[in-house]
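Engineer: I have a structure here, written as structure tokens, and I will follow up with some questions on it.
The values are calculated or read from the model by the stated rules, or taken from the named source; none is laboratory data. What you see is a predicted model; the values in this text were computed from it and never measured. Reconstructed Cβ throughout: ideal geometry from the backbone, glycine too, with neighbour counts over all protein chains shown.
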Amino acid sequence: MSITIQFHLDGTTHWLWTEALPLHELGRLEIHGASNIEFNNSTQHWEVKDRKGRIRFIAKSRSACLEWEQQNLHPE
């Protein structure tokens, strides 16, 4: 897995969250999601939605959605 973290002059960073790095050890975190993964009860599928609520990816497993998110969403 490849992780890209963008560091800005004001001390903020942009990246896709993964628990592979224990960032909580660095101090207080403030997290803003790039997407939301929700289960659709009607279709019985998991959906990756962007910040505007648009569906970006659909799969039968949540892990497939997490994998898609890591491969397709990048820090702005």
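Engineer: Quick one: in region 1-32, which of the residues that are among the aromatic types (Phe, Trp, Tyr) and under 15 Å from GLN70 (Cβ atoms) is modelled with the highest pLDDT?
Structural biologist: TRP15
Engineer: Could you look through region 59-73, keep only residues that are among the hydrophobic types (A, V, I, L, M, F, W, C) and modelled with pLDDT of 80 or more, and pick out the one that is nearest to the chain's Cα centre (by Cα)?
Structural biologist: The residue in question is LEU66.
Engineer: Looking at region 43-58, is at least one residue more than 17 Å from GLN71 (Cβ to Cβ), modelled with pLDDT of 75 or more and hydroxyl-bearing (Ser, Thr, Tyr)?
Structural biologist: Checking region 43-58: at least one residue is more than 17 Å from GLN71 (Cβ to Cβ), modelled with pLDDT of 75 or more and hydroxyl-bearing (Ser, Thr, Tyr).
Engineer: Looking only at region 33-41, decide whether some residue is closer than 23 Å to CYS65 by Cα, assigned to a loop (DSSP other than H, G, I, E, B) and modelled with pLDDT of 80 or more. Steps first, answer last, please.
Structural biologist: Of the residues in region 33-41, the ones closer than 23 Å to CYS65 by Cα are 33-41.
Subsequent filtering for residues that are assigned to a loop (DSSP other than H, G, I, E, B) retains 33-34, 41.
Pick out the ones that are also modelled with pLDDT of 80 or more and you get 41.
Yes, the conditions are met somewhere in region 33-41.
Engineer: Additional query: Of all residues in region 28-76, how many are touching a His at 6+ places or on another chain (Cβ under 6 Å), surrounded by 12 or more Cβ atoms within 10 Å (Cβ to Cβ) and under 18 Å from ILE5 (Cβ atoms)?
Structural biologist: 0
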